[in-house]
Amino acid sequence: LILTCLPTTINMCILLTSASGGNVATALCNTVISNLAGIALTPVLLLRFFGKGIELPFGELVGKLCNKVLVPVAVGQALRATPVKDFYSEHTSFFKRLQEVREMNEGARGFKRFLCMSHVLNQCIIYI
């Protein structure tokens, strides 16, 4: 129930959109908007479902979101005015595959952590 209150992750949106041949810029824009809205909506939804007070460091969340989204986008836009753009254009498929492999590895590590935690919880339940 908690996960349904959270916005989508930027990595998965971009990975799935680029893998399906969709418009990555639009997916990024939609993800940024949903993540910004999620800063306010997630606590409201959690409060609605669970009925308890929630305190979140709003400034810290906005700072982290800016570091993960706005800074890379700004750097990318700045690099478009340099010869790096031409190099990237010539090797686009390589960079896309490299990004997909990296993101899949991150997802696999997260899944392994989840399995490890569920194993630990199962062991705790057995001993209780």
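The values are calculated or read from the model by the stated rules, or taken from the named source; none is laboratory data. All values derive from a computational prediction rather than experimental measurement. Areas reflect the complete protein model, heavy atoms only, side chains present, ligands, DNA and RNA absent. Shrake-Rupley method; radii C 1.70, N 1.55, O 1.52, S 1.80 Å.
Return the inverse of the average 1/r over all pairs of distinct C-alpha atoms in segment 2-60, which is the Kirkwood hydrodynamic radius, in Å to one decimal. Final number for the Kirkwood radius of segment 2-60 is 12.7 Å. For segment 39-44, the Karplus equation 6.51 cos²θ - 1.76 cosθ + 1.60, evaluated at θ = phi - 60°, returns couplings of 4, 8, 6, 4, x, 5 Hz by residue, with Gly and Pro reported as x. Taking only protein heavy atoms and a 1.4 Å probe, the accessible area of segment 1-90 is 69% carbon and sulfur.
Residue separation times 0.36 nm, minus the C-alpha to C-alpha distance between Asn30 and Leu61: what's the value? Show your work: numbers first, answer last.
On the way: separation 31, 0.36 × 31 = 11.16 nm, distance 1.81 nm.
Length gained, Asn30 through Leu61: 9.3 nm.
Taking θ as phi - 60° and the Karplus parameters 6.51, -1.76 and 1.60, the scalar couplings of segment 67-81 work out to 5, 8, 10, 5, 5, x, 5, 5, 5, x, 5, 5, 5, 5, 8 Hz in sequence order, x denoting glycine and proline.
Please work out whether segment 57-108 counts as rounded, prolate or oblate from its C-alpha gyration tensor, where a ≥ b ≥ c are the square roots of the eigenvalues and a/c under 1.5 means rounded, while otherwise a/b larger than b/c means prolate and anything else oblate? It would help to have the intermediate numbers written out before the result.
Working: a/c = 6.22, a/b = 1.36, b/c = 4.57.
Here segment 57-108 falls in the oblate category.
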